[in-house]
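Notes follow once the structure below has been shown.
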């Protein structure tokens, strides 16, 4: 019996030590219930990537948090703004026989800011970098454009990281 009580006390004390699983904390103000996420801006030449980033971020906030997401900043307690500020794509692997690229590295830089209705900046990350790699088929008959699938993966990665960073103010 004493051993069970000691074990229970150890479990309770460990549970209250302040540690948490990454992505589960919520360091945002308790008065915050609604977040507006308008369409991300895009100053790059990469077509539709900003739209994918916006959609993935909205989806991530809806599925992982308690916040209600709206499009109109006038209806929200805070507004998450984002902008795709740079997009780089370069070959990482070259086929020696054809001289064509078979691997591509993508680097995306995004600006993210969460601002309360009173103008207080709750979270800001001006140079948020995300990288994604993808392969390109060598055989022209088996060629499948992997860039669109890679951009979907990249968008989901950005959204997951943004939501975690905003919630933990990291």
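The values are calculated or read from the model by the stated rules, or taken from the named source; none is laboratory data. All values reported here derive from a predicted model rather than from experimental measurement. Backbone-built Cβ (ideal geometry, glycine too); neighbour counts: all protein chains shown.
Do we have residue 53 as touching a helix residue (DSSP H, G or I) at 6+ places or on another chain (Cβ under 7 Å), part of a helix (DSSP H, G or I) and buried (at least 18 other Cβ atoms within 10 Å of the Cβ) here?
Values: touching a helix residue (DSSP H, G or I) at 6+ places or on another chain (Cβ under 7 Å): yes; part of a helix (DSSP H, G or I): yes; buried (at least 18 other Cβ atoms within 10 Å of the Cβ): yes.
Spelling it out, residue 53 is indeed touching a helix residue (DSSP H, G or I) at 6+ places or on another chain (Cβ under 7 Å), part of a helix (DSSP H, G or I) and buried (at least 18 other Cβ atoms within 10 Å of the Cβ).
The single residue among 15, 56, 71 that is out of contact with any strand residue (DSSP E or B) (no Cβ under 9 Å at 6 or more places or on another chain) and modelled with pLDDT under 90 turns out to be 15.
Taken together, the residues in segment 128-145 that are farther than 16 Å from residue 48 by Cβ and either part of a loop (DSSP other than H, G, I, E, B) or at pLDDT below 80 (or both) amount to 11.
Here are 84, 107: which of them is exposed (fewer than 15 other Cβ atoms within 10 Å of the Cβ) and under 17 Å from residue 150 (Cβ atoms)?
On the way: 84 fails: exposed (fewer than 15 other Cβ atoms within 10 Å of the Cβ).
Exactly one residue qualifies, and that residue is 107.
For the condition surrounded by 13 or more Cβ atoms within 10 Å (Cβ to Cβ) and over 16 Å from residue 153 (Cα atoms), what is the one hit in 117, 127?
Details: 127 fails: surrounded by 13 or more Cβ atoms within 10 Å (Cβ to Cβ).
The conditions single out 117.
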